[in-house]
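Visitor: Below is one structure. I have some questions about it.
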Ligand code: PEP
Ligand code: MN
């Protein structure tokens with residue numbers, strides 16, 4: 001995958017890149033009123049609208065279909081905004097290209113399916129239109145990467161990943177769990193791949209949208225895709241999570257934009273000093289873990305001689321309680337200590353079990 005920078009294909013790119021527009025195209029008037037208000041917001045560069053809507057249950061509004069493409073063309077003509085639409089099969093692609101849509105996006109329910117993704121990627125071979133790929137609805141990074149790779153293999157290098165959260169069975173205060181470590185890992189693996197957050201589908205309700213936008217800026221995402229409707233209360237889909245153009249403007253003004261680098265030399269020096277302290281401490285932690293493991297092996301040998309099991313529930317309980325208390329005294333979160341000692345203890349157990357198996361094999365021979 002060899003994606004090119006947003007600045008190479010978005011004219012006069014500003015940060016963050018903002019994509020806004022309704023969840024669904026409903027009628028031409030709704031599109032134009034919303035788009036004209038969005039055009040006044042400097043950071044908004046791309047107008048979105050879904051026309052084929054993948055709905056969870058049948059008999060809900062499934063989009064206006066191809067006629068919405070003409071409205072998107074009008075929006076483009078009247079506002080100069082770039083346009084984007086969701087496509088889910090080769091026929092959608094053909095229609096969108098015919099109506100000069102600038103950018104295509106792949107929805108979360110499509111990126112889960114390699115057959116659909118491949119069909120779309122094949123339809124796009126040699127076309128070169130930018131493609132934005134939403135994460136699959138389940139928390140599967142490989143599937144997301146796979147979808148992006150299918151487009152890359154079709155010769156598309158104007159690629160963008162969109163993080164829209166992951167569906168879980170448990171109800172939480174988000175509609176889709178953000179699971180930030182997944183998009184962050186994607187960024188680590190593909191540092192050149194632009195990544196945009198869709199706070200609307202993560203939040204599910206408009207009051208949470210700003211908070212999710214801020215988080216996306218704090219982890220250095222390239223942009224935001226925010227569902228916007230001139231009157232969300234009458235929206236035919238995702239009414240609870242859409243914001244008005246005015247509210248979007250307010251959100252963008254409230255956001256704190258921090259950069260990963262600072263031009264302040266004192267700041268850099270201070271950061272370097274603190275980071276080298278962290279490096280030293282981590283080195284000490286590793287040395288301590290090594291010493292700990294040597295003792296674990298000693299205990300393992302004693303247990304072999306004494307013919308006792310590696311796992312001794314009572315000792316384990318007592319050990320955990322002691323560490324939880326130490327953690328509490330040190331003002332470290334209980335979950336953190338639990339998780340940490342879960343990992344450390346498991347590794348010790350594995351070591352002793354391996355030692356016992358080796359010993360058993362030795363006896364057999
Ligand atoms: C949408 O953007 O309106 C949409 C259907 O999103 P997702 O594919 O993320 O559910
Ligand atoms: Mn939506």
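Visitor: Could you please find all residues in the stretch 203-216 being within 15 Å of ligand 2 (Cβ to nearest atom) and over 23 Å from residue 59 (Cβ atoms)? Walk me through it before giving the result.
Guide: Step one: list which residues in the stretch 203-216 are within 15 Å of ligand 2 (Cβ to nearest atom), which gives 203-206, 208-209, 212.
Listed by number, the residues that qualify are 203, 205, 206, 208, 209, 212.
Visitor: If I go through the stretch 1-51 residue by residue, how many of them are within 23 Å of the chain's Cα centre (by Cα) and within 21 Å of residue 238 (Cα to Cα)?
Guide: 13
Visitor: Okay, moving on. What are the pairs with Cβ atoms under 7 angstrom where one residue, in the stretch 200-211, is farther than 20 Å from residue 167 by Cβ and the other, located anywhere, is crowded, with 18+ Cβ neighbours inside 10 Å? Sequence gap at least six, or different chains.
Guide: 210/251
Visitor: Across the stretch 199-233, what is the number of residues that are farther than 17 Å from residue 46 by Cβ and either in contact with a strand residue (DSSP E or B) (Cβ under 6 Å, 6 or more places away or on another chain) or within 16 Å of ligand 1 (Cβ to nearest atom) (or both)? Even if it seems obvious, please write down each step before you answer.
Guide: Just the residues of the stretch 199-233 that are farther than 17 Å from residue 46 by Cβ, to begin with: 202-212, 214-215, 217-220, 230-233.
Filter once more, keeping what is either in contact with a strand residue (DSSP E or B) (Cβ under 6 Å, 6 or more places away or on another chain) or within 16 Å of ligand 1 (Cβ to nearest atom) (or both): 202-206, 208-209, 212, 232.
Of the residues in that region, 9 qualify.
Visitor: Ok, one more. Restricting the first residue to the stretch 40-59 and requiring it to be over 22 Å from residue 132 (Cα atoms), which pairs with a second residue that is near ligand 2 (Cβ under 10 Å from one of its atoms) and assigned to a loop (DSSP other than H, G, I, E, B) meet a Cβ separation below 7 Å and a spacing of at least six or different chains?
Guide: Short answer, once both residue conditions are applied: none.
Visitor: Could you check, for the stretch 158-165, whether at least one of its residues is within 16 Å of ligand 1 (Cβ to nearest atom) and more than 20 Å from residue 54 (Cα to Cα)?
Guide: Step one: list which residues in the stretch 158-165 are within 16 Å of ligand 1 (Cβ to nearest atom), which gives 160-165.
Keeping just the survivors that are more than 20 Å from residue 54 (Cα to Cα) gives 160.
Within the stretch 158-165, one or more residues are within 16 Å of ligand 1 (Cβ to nearest atom) and more than 20 Å from residue 54 (Cα to Cα).
Visitor: Taking the residues in the stretch 126-143 that are away from ligand 1 (no atom under 12 Å from the Cβ) and under 19 Å from residue 167 (Cα atoms) as candidates, determine which candidate is surrounded by the fewest Cβ atoms within 10 Å (Cβ to Cβ). Talk me through it step by step, then tell me what you get.
Guide: Initial filter on the stretch 126-143 (away from ligand 1 (no atom under 12 Å from the Cβ)): 126-131, 138-143.
When the remaining residues are screened for being under 19 Å from residue 167 (Cα atoms), the result is 138-143.
Working: 138: 12, 139: 17, 140: 15, 141: 16, 142: 9, 143: 18.
The qualifying residue surrounded by the fewest Cβ atoms within 10 Å (Cβ to Cβ) is 142.
Visitor: Which one of these does residue 311 not meet: (1) within 35 Å of the chain's Cα centre (by Cα); (2) in a loop (DSSP other than H, G, I, E, B); (3) modelled with pLDDT under 90?
Guide: The number of the failed condition is (1).
Visitor: Restricting the stretch 217-255 to residues that are within 11 Å of ligand 2 (Cβ to nearest atom) and more than 23 Å from the chain's Cα centre (by Cα), which is farthest from residue 19 (Cα to Cα)?
Guide: So the residue we want is 236.
Visitor: Quick check: anything in the stretch 73-80 in contact with a strand residue (DSSP E or B) (Cβ under 6 Å, 6 or more places away or on another chain) and at pLDDT 95 or above?
Guide: Narrowing the stretch 73-80 to residues in contact with a strand residue (DSSP E or B) (Cβ under 6 Å, 6 or more places away or on another chain): 75-76.
Narrowing further to those that are at pLDDT 95 or above: 75-76.
Yes, that holds for at least one residue.
Visitor: Output yes when any residue across the stretch 101-111 is over 23 Å from the mean Cα position of the chain (by Cα) and surrounded by 14 or more Cβ atoms within 10 Å (Cβ to Cβ), and no when none is. If you could, list the steps in order and put the result at the bottom.
Guide: So the first thing to find is which residues in the stretch 101-111 are over 23 Å from the mean Cα position of the chain (by Cα), and the list is 101-102.
Now narrow it down to the ones that are surrounded by 14 or more Cβ atoms within 10 Å (Cβ to Cβ): 101-102.
Scanning the stretch 101-111, I find at least one residue that is over 23 Å from the mean Cα position of the chain (by Cα) and surrounded by 14 or more Cβ atoms within 10 Å (Cβ to Cβ), so the answer is yes.
Visitor: Now for a different question. Could you check how many residues of the stretch 53-69 are within 16 Å of residue 22 (Cβ to Cβ) and surrounded by fewer than 18 Cβ atoms within 10 Å (Cβ to Cβ)? Before the answer, list the steps.
Guide: Within the stretch 53-69, the subset within 16 Å of residue 22 (Cβ to Cβ) is 53-55, 60-65, 67-69.
Add one more test, that the residue is surrounded by fewer than 18 Cβ atoms within 10 Å (Cβ to Cβ), and what stays is 54-55, 60-62, 65, 67.
Result for the stretch 53-69: 7.
Visitor: Restricting attention to the stretch 7-39, which residues are assigned to a helix (DSSP H, G or I) and either in contact with a helix residue (DSSP H, G or I) (Cβ under 8 Å, 6 or more places away or on another chain) or surrounded by 23 or more Cβ atoms within 10 Å (Cβ to Cβ) (or both)? Outline the logic, then answer.
Guide: Step one: filter the stretch 7-39 for residues assigned to a helix (DSSP H, G or I), giving 7-8, 28-39.
Once the filter is applied, which keeps residues that are assigned to a helix (DSSP H, G or I) and either in contact with a helix residue (DSSP H, G or I) (Cβ under 8 Å, 6 or more places away or on another chain) or surrounded by 23 or more Cβ atoms within 10 Å (Cβ to Cβ) (or both), the stretch 7-39 yields 28, 31, 32, 34, 35, 36, 37, 38, 39.
Visitor: Using the structure shown, decide if residue 63 is under 15 Å from residue 32 (Cα atoms) and touching a strand residue (DSSP E or B) at 6+ places or on another chain (Cβ under 9 Å).
Guide: no
Visitor: Within the stretch 76-126, how many residues turn out to be more than 25 Å from residue 17 (Cα to Cα) and assigned to a loop (DSSP other than H, G, I, E, B)?
Guide: 5
Visitor: Taking only the stretch 31-44 into account, find how many residues are in contact with a strand residue (DSSP E or B) (Cβ under 9 Å, 6 or more places away or on another chain) and more than 14 Å from residue 224 (Cβ to Cβ).
Guide: Of the residues in that region, 5 qualify.
The values are calculated or read from the model by the stated rules, or taken from the named source; none is laboratory data. The structure presented is a predicted model; accordingly, all values stated were derived computationally and were not measured. Glycine gets a Cβ as well: all are built from the backbone with ideal geometry, and neighbour counts include every protein chain shown.
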